[in-house]
Structures are given as C-alpha cells and as structure tokens.
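One structure is given here, and the rest of the page talks about it.
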Amino acid sequence: MPMSCGCFPRRSRKAGHTKLNRLPSLTDSIKTSSPRKKDAPEKSTLVVCFGEMLIDFVPMTAGVSLADAEGFKKAAGGAPANVAVGISRLGGSAAFMGKVGADEFGYMLSNILKENIVDNSGMCFDENARTALAFVTLRSDGEREFMFYRNPSADMLLTKNELNVDLIKKASIFHYGSISLIEEPCRSAHLAAMDIAKQAGCILSYDPNLRLPLWPSAEAARKGIMSIWNLADIIKVSEEEITFLTGGDDPYDDELVMNKLYHSNLKLLLVTEGPAGCRYYTKEFKGKVAGIKADCVDTTGAGDSFVGSVLNSLASDPELFKNEKQLTEALKFANACGALTVEKKGAIPALPTKEAVPKVLSQTSA
C-alpha cells in the first residue's frame, strides 16, 4: 500500500527524520542561545529557504482580468523557492524545504530546483493533496493580483516529523515567509524549523510576503505575521506591508519604522520601494540606495530576487550589516537583480544570473 506522503529522496520516515518532541520553545531559544564557540566547525554558506513552492499561471496579455485572458504562461513560483533559485543563479549555495503534491506539477517543481542547482533533499511529496496553483493577474503597469487554489494544497500539510533536520543544521541562514504560518500542521513545522535553526546558530531571515487573500482576515494576517517578528535577525518588508502592519502609518517615516518595526534582536531591516530602490536600518546607521530603471513587464519575483541577492552576499560575509559601505554595495547589486527580474514574465524564469547583473550596473554608472 503506498504511503500518503514522502520526502525527496524517497526513504522511510524512521530512517529519514529526527523526532522533534523535545525541542525547546521559541521563547527559550532566544533566552538560552549563546554565541557560537570558537572551536565550533565553520559554518557553510548554505541558505535554506522554507515554505511554499507552487505553479504560477501568468496571463499572456497584461491589463486583462483572469476571465478575459486568452492564455497563460505556466511558471514555477512560491517566494521561498524563488529566493533559493535566485541565490543559486548568483553562484551561491541554496536549499529548499517544503511540500508539494505527488503529481506532475510537484515532480516538475522538484526537477526545476535540481536543474537550477538547488538542494531539494528537504522536499516532501503528498499523495493526498495537490501542488498549489496561483493565477496571477497582471495590470497594465505590471503589478499583480492573485487567485490561489489551496483546499488544502500540499504545502499546507508539512509536519514537524517531515523536516530534514540535518539540512537545517548545515545552513548559515534560514529564510522563511509568513504563508506557512496560516494553517496547521505547517505552522507547527515552521516554528519547529525556526527553533532548530536558532539552536544551530543560523541567521534567521524573514520576508513576510503578505498575501492577504490566503488569511482568514486582515487582523489574522497582521497578528500571524507579527507573532514571529521579534525572532528574526534580518527582515525585508515592502512599503505596502509597513502600512498594513502599522495600521495605516506612513511607510516613509524613519522614526516610525524604527519605533514600530525595529526590535532589539534585529541586525538589519530592509524596506523595498519598488523602482525607487530600498532603505536599510541597523543599530548603527540607516540610509537609502537608489533603484535601477527597468522596462517593467511583470513584478512577480522581483522582491524575492532582491532578497536572494542580499542573502547570498550575507552568506559570504555574515558581518555585512556592520559595514555601511559594503552593505550599500550589496544592496545596489540586489536592486539590479530586482530590476532585471521585472523585465520578464514569471518569477523563477526571470531570475538573473551572476553574469547579467554587472552589465546592468555598468550601464547605470556609465
């Protein structure tokens, strides 16, 4: 009789998973975590991205409703997976952890990760749930609206016992969003994975990636996103998300951002402003890096491309946030990644290679 789900590569749960029932709580992790010992083995540059991977269906023509669209382009998506591929395209080391359906789309997504040199050993496949789908409506300006098919989708059903604990422990950075917090059992798996990562000395990276239609209510979304806010070392947030999370406050008010969104455990807070660039906040300094002009076709994946670039730089230099000059150079590079991504349709298909970015930067500075 076939099992209801399994991880990639296929193996029994007994052999492939570590029990998590004795993990300390997230609160205890913050209180008891201590600096890594000097004689501890040096961390790798691996970035593990946790959460959803799905299929985006993007209309072939912008500015039309889903009902009026005559055709769609199928593209791999899901913010954490986008970030993982973005890192790999830039020459970094990345892994994806999450669950898809044991269906044609799920296996296709797994193969796409493999083709993009992303470690997919943290992927699981569910025999009883489908891979998530999202139809993305493109307005004439390239901005998006989403319609999701998840009732439930496989990504929502990942359990704590299916986590690849060894993979998390190998990481230098553990990156995640908020969609995996919406439903159980994935929420508990997400919290357990964060706990493991924290205890292993990983940098915790958080991009809320607000998708309001997936939450029961706006208040549930706000509460859920903020429930793990103070545990992250790095947070990336958009202007719109600041307005939402603060209840309508001005996202350009530096004092407000520091008072309401910065916290004592945070090393770096990044605010993306689309084509205008980004702002950065640390305990020692803050500033802005201008954006790079691009011919916008589809904004899907632009923020994930930006995040992937930042995390790739941070994995190579964990102290990056302490040097403002080096940080601004890394953010300039990340802005270029975002700009290149909006010039093509889809998320993963549009993510730039490390060879493409310097060309854009040289043209900008010329």
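The values are calculated or read from the model by the stated rules, or taken from the named source; none is laboratory data. Keep in mind it's a predicted model, so treat the numbers as computed, not measured. Don't worry about glycine lacking a Cβ; one is built from the backbone with ideal geometry, like all the others, and counts go over all protein chains shown. Surface areas here come from the heavy atoms of the whole protein model, side chains and all, with no ligands, DNA or RNA. Shrake-Rupley method; radii C 1.70, N 1.55, O 1.52, S 1.80 Å.
Using Cα springs under 10 Å in a Gaussian network model of the chain, which residue among 83, 257, 136 shows the largest mean-square fluctuation?
With Cα springs under 10 Å in the chain, the top fluctuation among 83, 257, 136 is at 257.
About its Cα centre, what dipole magnitude does the chain give when the only charges are +1 on Lys and Arg Cβ and -1 on Asp and Glu Cβ, stated in debye to the nearest 20? If you can, show how the numbers build up before the last one.
Working: 43 positive and 44 negative charges, 278 e Å.
Dipole magnitude for the chain comes out near 1340 debye.
What is the stretch 203-339 by shape, rounded, prolate or oblate, if you read a ≥ b ≥ c off the alpha carbon gyration tensor as root eigenvalues and call it rounded for a/c under 1.5, prolate for a/b larger than b/c, and oblate otherwise? Don't jump to the answer; show the numbers that get you there.
On the way: a/c = 1.58, a/b = 1.20, b/c = 1.32.
In terms of gyration-tensor shape, oblate.
In whole percent, what relative contact order does the chain give with Cα contacts below 8 Å and a gap of six or more residues?
Numbers: 796 pairs, mean separation 65.1, N = 366.
Worked out over the chain, it gives 18 percent.
Pairs of Cα atoms under 8 Å, at least six residues apart: use those to get the relative contact order of the stretch 114-227, whole percent.
22 percent
Return the subset of 293/345; 114/293; 160/267; 267/325; 99/160; 74/170 for which the Cα-Cα distance in this structure is over 21 Å, preserving the input order.
Working: 293/345 17 Å; 114/293 32 Å; 160/267 28 Å; 267/325 16 Å; 99/160 12 Å; 74/170 33 Å.
Cα-Cα > 21 Å for 114/293; 160/267; 74/170; rest within.
Over the stretch 159-286, with the other protein chains present, what is the accessible area per residue in square angstrom, probe 1.4 angstrom?
Numbers: 4750 Å² over 128 residues.
Computed with neighbouring chains in place, this is 37 Å² per residue.
Return the loop-located GluC sites (Glu not before Pro) in the stretch 50-108 (DSSP other than H, G, I, E, B) with at most 15 other Cβ atoms within 10 Å of their own Cβ; answer none if there are none. Can you show the working numbers first?
Numbers: sites: 52, 70, 104; in loops: 52, 70.
When the GluC sites (Glu not before Pro) of the stretch 50-108 are filtered for loop state and at most 15 Cβ neighbours within 10 Å, 70 remain.
Just 102, 356, 76 to compare: in a GNM of the chain, with alpha carbon springs under 10 Å, which one fluctuates most?
Looking only at 102, 356, 76, the largest GNM fluctuation is found for 356.
If you stretched the chain out fully between residue 65 and residue 259, how much longer would it get, using 0.36 nm times the residue separation minus the C-alpha to C-alpha distance? It would help to have the intermediate numbers written out before the result.
Details: separation 194, 0.36 × 194 = 69.84 nm, distance 3.98 nm.
That works out to 65.9 nm of additional length.
When the accessible area of the stretch 253-366 is computed with all protein chains present and a 1.4 Å probe, what percentage of it is carbon and sulfur?
On the way: 2650 of 5060 Å².
Of the solvent-accessible surface of the stretch 253-366, carbon and sulfur hold 52 percent.
Please identify the trypsin sites (Lys or Arg not before Pro) of the stretch 278-339 that satisfy two criteria: DSSP loop assignment and at most 11 other Cβ atoms within 10 Å. Which are they? Could the numbers behind the result be given before it?
Values: sites: 279, 283, 286, 288, 293, 322, 325, 332; in loops: 283, 293.
Answer by residue number: 293.
Please check: in the Gaussian network model of the chain (C-alpha springs, under 10 Å), which one of 217, 238, 178 has the largest mean-square fluctuation.
Ranking 217, 238, 178 by mean-square fluctuation puts 217 first.
Determine the dipole magnitude for the stretch 143-185: charges of +1 sit on the beta-carbon of Lys and Arg, -1 on that of Asp and Glu, nothing else is charged, the reference point is the Cα centre, and the result goes in debye to the nearest 20.
Taking the Cα centre of the stretch 143-185 as origin, the dipole is about 200 debye.
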